[in-house]
Amino acid sequence: DEMRSKWNVKKIVIHHRLGICPVGEASVLIAVSSPHRKASLEATQWCINTLKERVPIWKREHYLDGSIWKENKEFDAKNLTKAKNQSN
């Protein structure tokens, strides 16, 4: 609904890959259809940026000397509180 209020888009698909994702391969797929290319491109860019801000995405990076868990740096936990308050 939020994306549709900003752009005239028809269909939206968001898929986040789970499991092992080798370096260089896509982990998120976003597809947006609209009557005009500019709207779908802008909506897609907004979507990935918003996803990163609102969803804590953890990944485990493996190195020769071990592995570490990393969270996306764009995530802001305050957005969870905002979203919860808006849904009430």
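The values are calculated or read from the model by the stated rules, or taken from the named source; none is laboratory data. What you see is a predicted model; the values in this text were computed from it and never measured. As a convention, Cβ positions derive from the backbone with ideal geometry for all residues, glycine included, and neighbour counts pool all protein chains shown. Just so you know, the surface numbers come from the protein's heavy atoms only, side chains and all, with ligands and any DNA or RNA stripped out. Shrake-Rupley method; radii C 1.70, N 1.55, O 1.52, S 1.80 Å.
Per residue, the accessible area of the chain comes to 83 Å² when a 1.4 Å probe rolls over the protein heavy atoms.
Taken about its Cα centre, the chain carries a charge dipole of roughly 360 debye when the Cβ of each Lys and Arg holds +1 and the Cβ of each Asp and Glu holds -1. 3J(HN,Hα) along region 23-29: 3, x, 9, 5, 10, 10, 10 Hz, from the Karplus curve 6.51 cos²θ - 1.76 cosθ + 1.60 with θ = phi - 60°, whole Hz, x for Gly and Pro. For the chain, the longest principal axis of the Cα atoms and the long axis of helix 78-87 meet at an angle of about 40 degrees. Return the carbon/sulfur percentage of the accessible area of the chain, one whole number, probe 1.4 Å, all protein chains in place. Heavy-atom surface of the chain belonging to carbon and sulfur, 1.4 Å probe: 55 percent.
Could you work out the local net charge near residue 68, counting Lys and Arg as +1, Asp and Glu as -1, over the other residues with Cβ closer than 9 Å to its Cβ? That works out to +1. Ignoring aspartates and glutamates fewer than eight residues from residue 11 along the same chain, the ones with Cα atoms less than 16 angstrom from its Cα are 1, 2, 42. Using the Cβ-Cβ distance between residue 6 and residue 28 with R0 set to 22 Å, the FRET efficiency works out to roughly 0.65.
Would you list, by chain and number, the aspartates and glutamates whose Cα falls below 14 Å from the Cα of residue 78, excluding same-chain residues fewer than 8 positions away? Residue 78 reaches 53.
Relative to the longest principal Cα axis of the chain, at what angle does helix 37-54 sit, 0 to 90 degrees, rounded to 10? Once rounded, one gets 50 degrees. Based on Cα contacts under 8 Å between residues 6+ apart, the chain shows a relative contact order of 20 percent.
Spatial offset of region 51-80 relative to region 1-43 amounts to 20 Å, using the alpha carbon center of each.
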